[in-house]
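Engineer: One structure, pasted below without further comment.
The values are calculated or read from the model by the stated rules, or taken from the named source; none is laboratory data. Owing to the predicted nature of the structure, the values given are computational and were not obtained by experimental measurement. Please note: Cβ atoms are built from the backbone with ideal geometry, for glycine as well, and neighbour counts cover all protein chains shown.
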Ligand code: GLY
C-alpha cells in the first residue's frame with residue numbers, strides 16, 4: 001500500500017472535481033471458480049484500489065461530496081474466520097491505514113444510501129463489470145444501469161496521469177515483464193511445447209507475489225492476434241509471438257510483446273518484415289510527446305508500415321493515400337496501443353470512449369483504426385503501450401482479394417506467398433514525459449534482430 005496521504009489526496013481531488021451528492025466505490029468480492037469456497041485468485045477493483053488501497057474482498061467506500069466525509073463499509077472477522085485465516089486487522093484499523101476515520105459494518109450501507117436517496121441526493125457510481133456488483137447495486141439503490149458520467153470523467157482525469165509512486169510501481173511490473181520475455185526467448189527452441197513456455201513465464205509473474213496482467217498470449221501462429229491456444233510444439237522456420245505482462249504486488253501492470261525465430265535465427269523474409277515492425281515501434285517512441293494525439297502517432301506508424309511493405313513489393317501506390325484509405329489494415333488490423341496502469345487496459349471498465357477519446361479527438365470509424373483504444377492528446381504522466389504489428393491472416397487475405405478491396409495499393413499475388421508467414425508484434429510500454437517519452441522498465445527487452453538472436457543462442 002502507498003502512504004495513507006496518497007489516498008487522502010486522491011479522494012480530496014475526486015471530491016473537488018464532483019458537483020455534489022455521494023460517490024460510492026465498490027470493492028470486489030471473491031469469485032467462485034467451481035464451488036463457492038474454491039475461488040479464483042482475488043483481484044480487487046482498480047478504482048477501489050486507487051481511492052481506498054485495500055486489497056481484500058468485502059468493502060465499499062462512500063464519499064460525501066457536499067460535506068467531504070468519507071466512510072469505509074466492511075465487516076470485522078469473527079472467530080471462525082480467525083481460525084481459518086489467522087488474526088485479521090479490524091475494519092477500523094484498515095480504514096485508518098488509508099486515512100479514513102469513519103467505518104461501519106457493510107449492512108449499514110443500504111440504509112445510508114436509502115436515506116440519501118429519500119432526500120433527493122444523487123448517488124454516483126462507476127459502471128459495474130462483475131455480476132455480483134451489478135446485483136448489489138440493484139439491491140442497494142433499486143436501479144440498474146445508471147452509472148455516473150460525471151464520476152467516470154472525474155476518475156478518468158485522475159487515473160490517466162500517473163503519480164511518481166505509480167510510475168515506480170509500473171516500472172517494477174515492467175522489470176518482471178522483462179524477465180518473463182527473456183525466459184520465453186531462451187526456450188524458443190524446436191521441439192519445445194508452447195504450453196511449457198506459457199506456464200514458465202506465468203510462474204515468473206506469480207513468483208514475485210503477483211500474477212500475469214492478462215492471460216498469456218503465446219503461439220507460433222502469431223497471425224491470430226490474441227492466440228491463447230498453447231497446444232503446439234515449436235518448429236524451425238516459425239516465429240513465436242509472446243504477448244505477456246505482469247501485475248506486481250501493488251496491482252500495477254506491464255504488457256510487452258516480442259516475436260522471435262524458433263531456434264534463434266531469423267531467415268531473410270522474417271528479418272525483412274521484423275525490421276519494418278521494429279521501425280514502426282521506434283517511430284512511435286520518436287514522435288510520442290505531450291500535445292500530440294496518439295491517433296496521429298498511430299497513423300504515422302501505419303505509414304512506416306505501408307512504406308516498408310511497399311519496399312518489399314507487398315504494397316504499391318502512394319503510401320499516404322494507402323493509409324488514408326485503410327489498405328494497410330490488411331496487415332495491421334488493430335490499434336497502436338492503450339493506456340496502462342492498475343489495469344492492463346487501464347480503466348476499460350469505465351468506457352473506452354472516455355479513456356481513449358475526448359471532444360477534440362474522436363474515434364475513426366475505419367477497419368483497423370477503429371480498434372485504436374487510445375487516440376487522444378498525450379499528457380506527461382500517461383503510460384501507453386506501443387504495439388505495432390504485421391500479420392498475414394489467410395482468411396482476411398482471401399476475403400479482401402475476393403472483394404477486390406484496395407487493389408490499387410495491395411499486390412495480392414505477392415501477398416499470397418506470405419500466407420504461411422504468421423505474424424509479428426513488438427510491444428513496449430512508454431511513459432509520456434515533459435518533452436517526449438521513455439520506454440519503461442530498467443532495460444528494454446531484447447528487440448533488435450541481433451539482440452534477439454544473441455539472447456536465444458547465448
Ligand atoms: N497485450 C494484450 C492486450 O493488449 O490486450
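Engineer: Residue by residue through the range 259-290, note down the ones that are away from the ligand (no atom under 16 Å from the Cβ), touching a strand residue (DSSP E or B) at 6+ places or on another chain (Cβ under 7 Å) and assigned to a helix (DSSP H, G or I).
Structural biologist: 270, 273, 274, 276, 285
Engineer: Whether any residue in the range 389-409 is away from the ligand (no atom under 16 Å from the Cβ), in contact with a helix residue (DSSP H, G or I) (Cβ under 9 Å, 6 or more places away or on another chain), in a loop (DSSP other than H, G, I, E, B) and closer than 24 Å to residue 178 by Cα is what I want to check.
Structural biologist: no
Engineer: Would you check if residue 329 is more than 16 Å from the ligand (Cβ to nearest atom), in contact (Cβ under 8 Å) with a residue 40 or more places away in the chain, assigned to a helix (DSSP H, G or I) and surrounded by 17 or more Cβ atoms within 10 Å (Cβ to Cβ)?
Structural biologist: Against the criterion (more than 16 Å from the ligand (Cβ to nearest atom), in contact (Cβ under 8 Å) with a residue 40 or more places away in the chain, assigned to a helix (DSSP H, G or I) and surrounded by 17 or more Cβ atoms within 10 Å (Cβ to Cβ)), residue 329 qualifies.
Engineer: Could you go through the range 87-96 and let me know if any residue there is in contact with a helix residue (DSSP H, G or I) (Cβ under 7 Å, 6 or more places away or on another chain), at pLDDT 95 or above and assigned to a helix (DSSP H, G or I). Please lay out each step first, then the result.
Structural biologist: At the first step, the residues of the range 87-96 found to be in contact with a helix residue (DSSP H, G or I) (Cβ under 7 Å, 6 or more places away or on another chain) are 88.
The next check asks that each one be at pLDDT 95 or above; those that pass are none.
No: the range 87-96 contains no residue that is in contact with a helix residue (DSSP H, G or I) (Cβ under 7 Å, 6 or more places away or on another chain), at pLDDT 95 or above and assigned to a helix (DSSP H, G or I).
Engineer: Out of the residues in the range 224-258 that are outside any strand (DSSP E or B) and surrounded by 23 or more Cβ atoms within 10 Å (Cβ to Cβ), state the one that is nearest to the ligand (Cβ to nearest atom).
Structural biologist: Narrowing the range 224-258 to residues outside any strand (DSSP E or B): 224-232, 234-238, 245, 248-252, 254-255.
Next, only the ones that are surrounded by 23 or more Cβ atoms within 10 Å (Cβ to Cβ) stay: 245, 248, 252, 254-255.
Numbers: 245: 7, 248: 17, 252: 15, 254: 10, 255: 5 Å.
Out of the qualifying residues, it is 255.
Engineer: Here's something else I'd like to know. Only one of these is touching a strand residue (DSSP E or B) at 6+ places or on another chain (Cβ under 8 Å), away from the ligand (no atom under 16 Å from the Cβ) and either free of Cβ contacts under 8 Å to residues at least 60 places away in the same chain or farther than 24 Å from residue 379 by Cβ (or both): 336, 309. Name it.
Structural biologist: Among 336, 309, only 309 is touching a strand residue (DSSP E or B) at 6+ places or on another chain (Cβ under 8 Å), away from the ligand (no atom under 16 Å from the Cβ) and either free of Cβ contacts under 8 Å to residues at least 60 places away in the same chain or farther than 24 Å from residue 379 by Cβ (or both).
Engineer: Looking for whichever is touching a residue at least 12 places away in the same chain (Cβ under 8 Å), within 15 Å of the ligand (Cβ to nearest atom) and either part of a helix (DSSP H, G or I) or more than 22 Å from the chain's Cα centre (by Cα) (or both) here; the options are 204, 170. Which one fits?
Structural biologist: Working: 204 fails: within 15 Å of the ligand (Cβ to nearest atom).
Matching residue, one of 204, 170: 170.
Engineer: Find all pairs meeting these conditions: Cβ atoms under 8 angstrom apart; at least six residues apart or on different chains; first residue within the range 215-237 and within 19 Å of residue 180 (Cβ to Cβ) and touching a residue at least 60 places away in the same chain (Cβ under 8 Å); second residue part of a strand (DSSP E or B) and more than 16 Å from the ligand (Cβ to nearest atom).
Structural biologist: What qualifies is 220/239; 222/239.
Engineer: Look at the range 342-362 and say how many of its residues are assigned to a helix (DSSP H, G or I), in contact with a helix residue (DSSP H, G or I) (Cβ under 9 Å, 6 or more places away or on another chain) and away from the ligand (no atom under 16 Å from the Cβ). Explain how you work it out, then say what you get.
Structural biologist: The initial filter retains those residues of the range 342-362 that are assigned to a helix (DSSP H, G or I), namely 348-350, 352-356.
Then keep just the ones that are in contact with a helix residue (DSSP H, G or I) (Cβ under 9 Å, 6 or more places away or on another chain); that gives 348-350, 354-356.
Among the residues that remain, those that are also away from the ligand (no atom under 16 Å from the Cβ) are: 350, 354.
Total satisfying the criteria: 2.
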